[in-house]
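Structure, as structure tokens:
The values are calculated or read from the model by the stated rules, or taken from the named source; none is laboratory data. Quantities reported herein were computed from a predicted structural model and do not represent experimental measurements. When we count neighbours, we look across all protein chains shown, and the Cβ atoms used for this are built from the backbone with ideal geometry, even at glycine. Side chains included, ligands, DNA and RNA excluded: accessible areas come from the protein's heavy atoms. Shrake-Rupley method; radii C 1.70, N 1.55, O 1.52, S 1.80 Å.
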Amino acid sequence: MTRGMQAGRQTTLREPVAVAGIGVHSGWPVTVTLYPAEADAGIVFLRCGVNGQKHRELSANFRSVTATEFATVLGDKSGPAISTTEHVLAALYGLGIDNAIVEVDGPEIPIMDGSALAFVEAIDRAGSVMTPAPRRYIKVLKPVRVNGNGCYGELRPHARGLRVETEIEFDHPLIGRQKFALDVEPHLFRRELARARTFGFMRDVTKLWNAGYALGASFENTVVIAEDRVLNTDGVRFPDEFVRHKAVDAIGDLALAGAPLIGAYRSVRGGHKLNHAVVTALMADPSAWTYGAMEEPLRRARGHADLGSGFAVAAYGPDVS
């Protein structure tokens, strides 16, 4: 079922499903269980109690972000709770799941193979169902841009759902300058993005370890780049896997807007910090967006959903929680 087919109604999972692995930064074993949720619940993270502590419930919302260094971290007034949320969020968004509970029994979402693939496969195993509730969208009305340190990110109006355009530039012969663009639809997310893995440079390993990061990184979950070659025996999955993974990260971070976006996002030499800054800037300007519900499933044209009609601006107000 594609996003266009289910555009009029919210979705959730048909049944619970679990995945287990290790955290790329902590190195700790962790299990994530995805549960169905009621309409209008959104994506909710549940950090299981550890050492007798209470469970912590966090909405997948830009206001819950506490850190963006090497990963997107969610927390509350008690402090950080769950790190590396971007891949599971990207999978849920990319496959059109509106409502789910993400239960985590460790400090971060497991890295799996470094991509969103394991979460996509888990969601496909669980299946999805539509609820009676109409799907609500955030429609970008005017461009919002954030600049800084030679990079920039921008959300602008776009008539057909969410479009992601990422561009990276590294002073390295195996990467250089790469560009990628995609209109986010479930079949395209599965085919073009789900398998793109996180990557890192061998020269940075000691520095990261000393700072307490990448303690669980390995060739099984990271594309490792030396000065002149990729060290993984299986090489890369796409010639431009690096920029595709940046698109995965962007989709996961954009999911924190609180509802599916109707707009185009462009990121140039950015990352989690920039993605979060753009979403925050958008939501801080009530004149830049509107919040409404799709009254009926969208008519598709040439593989894309035309969102120019059928969008009903509802009286929900500009404050999306």
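Brief remarks follow.
- Only one of the listed residues (Ala259, Ala211, Ala247, Ala281) is among the hydrophobic types (A, V, I, L, M, F, W, C) and free of Cβ contacts under 8 Å to residues at least 60 places away in the same chain. That residue is Ala211.
- Here the condition is being among the small types (Gly, Ala, Ser) and farther than 29 Å from Ala214 by Cα; of Ala181, Ala133, Ala116, Ala196, it holds for Ala133 alone.
- Test: Val164 is part of a strand (DSSP E or B) and under 14 Å from the mean Cα position of the chain (by Cα): yes
- Within segment 91-104, not a single residue is in contact (Cβ under 8 Å) with a residue 60 or more places away in the chain, under 25 Å from Lys207 (Cα atoms), open to solvent by 20 Å² or more (accessible area, probe 1.4 Å) and of a type in the set (A, V, I, L, M, F, W, C).
- Reported count of residues in segment 263-321, each being hydrophobic (A, V, I, L, M, F, W, C) and modelled with pLDDT under 85, is 12.
- Taking the criterion of being open to solvent by less than 30 Å² (accessible area, probe 1.4 Å), assigned to a loop (DSSP other than H, G, I, E, B) and touching a strand residue (DSSP E or B) at 6+ places or on another chain (Cβ under 7 Å), the residues of segment 215-257 that qualify are Gly216, Thr222, Asn232.
- Of everything in segment 1-55 that is closer than 18 Å to Leu261 by Cα and among the basic types (Lys, Arg), the residue that is modelled with the lowest pLDDT is Arg3.
- Residues in segment 271-287 that are under 18 Å from Phe70 (Cβ atoms) and either part of a strand (DSSP E or B) or in contact with a Phe, Trp or Tyr (Cβ under 7 Å, 6 or more places away or on another chain) (or both): His276 only.
- Positions within segment 69-98 being under 18 Å from Val278 (Cβ atoms) and either of a type in the set (Gly, Ala, Ser) or modelled with pLDDT of 95 or more (or both), in sequence order: Ala71, Thr72, Val73, Leu74, Thr85, Glu86, Leu89, Ala90, Tyr93
- Every residue from segment 187-207 that is open to solvent by 40 Å² or more (accessible area, probe 1.4 Å) and of a type in the set (A, V, I, L, M): Met202
- Single residue of Ala71, Ala116 found to be closer than 26 Å to Phe201 by Cα, out of contact with any strand residue (DSSP E or B) (no Cβ under 9 Å at 6 or more places or on another chain) and of a type outside the set (Val, Ile, Thr): Ala116
- The listed residues are His158, His172, and the only one of them that is in contact with a strand residue (DSSP E or B) (Cβ under 8 Å, 6 or more places away or on another chain), closer than 16 Å to Ile251 by Cα and surrounded by fewer than 19 Cβ atoms within 10 Å (Cβ to Cβ) turns out to be His158.
- Residue check: Thr206 meets all listed conditions (1) under 20 Å from Leu261 (Cα atoms); (2) in a helix (DSSP H, G or I); (3) modelled with pLDDT under 95; (4) of a type outside the set (A, V, I, L, M, F, W, C) but one, namely (1).
- Set side by side, the residues Gly212, Gly153 differ, and just one is of a type in the set (Gly, Ala, Ser) and within 16 Å of the chain's Cα centre (by Cα), which is Gly153.
- Some residue of segment 62-74 being acidic (Asp, Glu) and without any contact (Cβ under 8 Å) to a residue 24 or more places away in the chain: no
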